[in-house]
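The values are calculated or read from the model by the stated rules, or taken from the named source; none is laboratory data. Every value quoted in this text rests on a predicted model; they were computed, and no experiment measured them. Cβ atoms come from the backbone with ideal geometry, glycine included; neighbour counts cover every protein chain shown. The area values use the complete protein model at the heavy-atom level, side chains included, leaving out ligands, DNA and RNA. Shrake-Rupley method; radii C 1.70, N 1.55, O 1.52, S 1.80 Å.
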Amino acid sequence: MTAFRIAPAVADAFPDTLVALVTATGLRGHERWPDTTAALQDLEQQLADGPWQPADETDPRIEAWHTAYRSFGTNPRRIRPSVDALGRRFAKKGTLPRINPAVDSYNIVSVRHGLPAGAFDLDHVTGDVDIRYADGSEEFTPLGEPGTTENPKPGEIIYADTTGVLTRHWNHRDAHRTRVTEDSAHVVFVLETLHASRDGHLLGTAAHELRGLLAPHAGQAAVHYLTPAGPVTA
């Protein structure tokens, strides 16, 4: 079992943070996921028909992440929060990327609800996971770049396990080591808000929507919530 924690310094800086952890065990990524396919097509049709558009940086949900990024020294218009980057790509191209059914599922939920989302293959996570400030000594290998090693800047917020960094700039980019593929069987999906008092209900809706897409293709799927008050086991 893997415990997820928000470090006290991050909790102090962002006390209204709420993270939904959607866990799936016995995931079957090689079979057809018709509900995910239909949801992709439906969202793309909504964009094509209008007036629905993905949330952009003028939206309070995205603006909050821009403010957070600036607080730890990251320019959010150069290195964008994942949901911002995905929404901009979607608005420009008119389609969402097709990676694999599990990743496609969380991308749908992320852009539909304007919330950052990611996922980790728990079979490749070592020890527990902390959302904390980097000290600059940690190592990160970006998704899709297995030969690259980076060091987060001191003070940058990261997800990290006992081996290294799982995400940089809080939720900008995931690591290659814990990437989710069709072979991933034990996965935790992460949805986040910095304003639980305002958007907690939205996060709950998004988490249960994601669970609904995962459940037909998993032995078990469940939703847990991580707050600054204490750890959650996935």
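Which residue, of Ala64, Ala24, is over 16 Å from Thr193 (Cα atoms) and touching a residue at least 12 places away in the same chain (Cβ under 8 Å)?
Exactly one residue qualifies, and that residue is Ala24.
Quick check, is Thr148 in contact with a Ser or Thr (Cβ under 7 Å, 6 or more places away or on another chain) and either among the polar types (S, T, N, Q) or in contact (Cβ under 8 Å) with a residue 40 or more places away in the chain (or both)?
yes
Just to be sure I understand the filter: pairs with C-beta atoms under 8 Å, separated by 6 or more residues or on different chains, first member in region 99-125 and free of Cβ contacts under 8 Å to residues at least 60 places away in the same chain, second member part of a helix (DSSP H, G or I) and open to solvent by 10 Å² or more (accessible area, probe 1.4 Å). Which pairs pass?
So the pair list comes out as Ile99/Asn107; Asn107/Leu86.
Return yes or no: is Ser71 open to solvent by 60 Å² or more (accessible area, probe 1.4 Å), hydroxyl-bearing (Ser, Thr, Tyr) and touching a residue at least 12 places away in the same chain (Cβ under 8 Å)?
Yes: the conditions hold for Ser71.
Scan region 186-234 residue by residue and report those that are under 30 Å from Glu145 (Cα atoms) and open to solvent by 40 Å² or more (accessible area, probe 1.4 Å).
Residues satisfying the conditions are His186, Arg211, Thr233.
Scanning for something touching a Ser or Thr at 6+ places or on another chain (Cβ under 7 Å), open to solvent by less than 30 Å² (accessible area, probe 1.4 Å) and of a type outside the set (D, E, K, R), does region 125-138 turn up at least one residue?
Among the residues of region 125-138, at least one is touching a Ser or Thr at 6+ places or on another chain (Cβ under 7 Å), open to solvent by less than 30 Å² (accessible area, probe 1.4 Å) and of a type outside the set (D, E, K, R), which makes the answer yes.
Please work out if Thr181 is within 16 Å of the chain's Cα centre (by Cα) and among the hydroxyl-bearing types (Ser, Thr, Tyr).
yes
Name the single residue that is most open to solvent (accessible area, probe 1.4 Å) among those in region 74-94 being in a loop (DSSP other than H, G, I, E, B) and of a type in the set (D, E, K, R).
Residue satisfying both the conditions and the ranking: Arg78.
Go through (1) free of Cβ contacts under 8 Å to residues at least 40 places away in the same chain; (2) open to solvent by 40 Å² or more (accessible area, probe 1.4 Å) for His172 and report which single condition fails.
The single condition His172 does not satisfy is (1).
So in region 139-163, with the set limited to residues that are among the small types (Gly, Ala, Ser) and on the phi < 0 side of the Ramachandran plot, which one is least open to solvent (accessible area, probe 1.4 Å)?
Ala160
Across region 38-61, which residue is most open to solvent (accessible area, probe 1.4 Å) among those that are in a loop (DSSP other than H, G, I, E, B) and touching a residue at least 12 places away in the same chain (Cβ under 8 Å)?
My answer is Gln53.
Run down Leu213, Leu203, Leu166 and say which single residue is in contact (Cβ under 8 Å) with a residue 40 or more places away in the chain and under 18 Å from Trp65 (Cα atoms).
Being in contact (Cβ under 8 Å) with a residue 40 or more places away in the chain and under 18 Å from Trp65 (Cα atoms) holds for just one of Leu213, Leu203, Leu166, which is Leu203.
Among the candidates Asp35, Asp16, which residue alone is surrounded by 14 or more Cβ atoms within 10 Å (Cβ to Cβ), more than 23 Å from Tyr225 (Cα to Cα) and not aliphatic (A, V, I, L, M)?
Asp35
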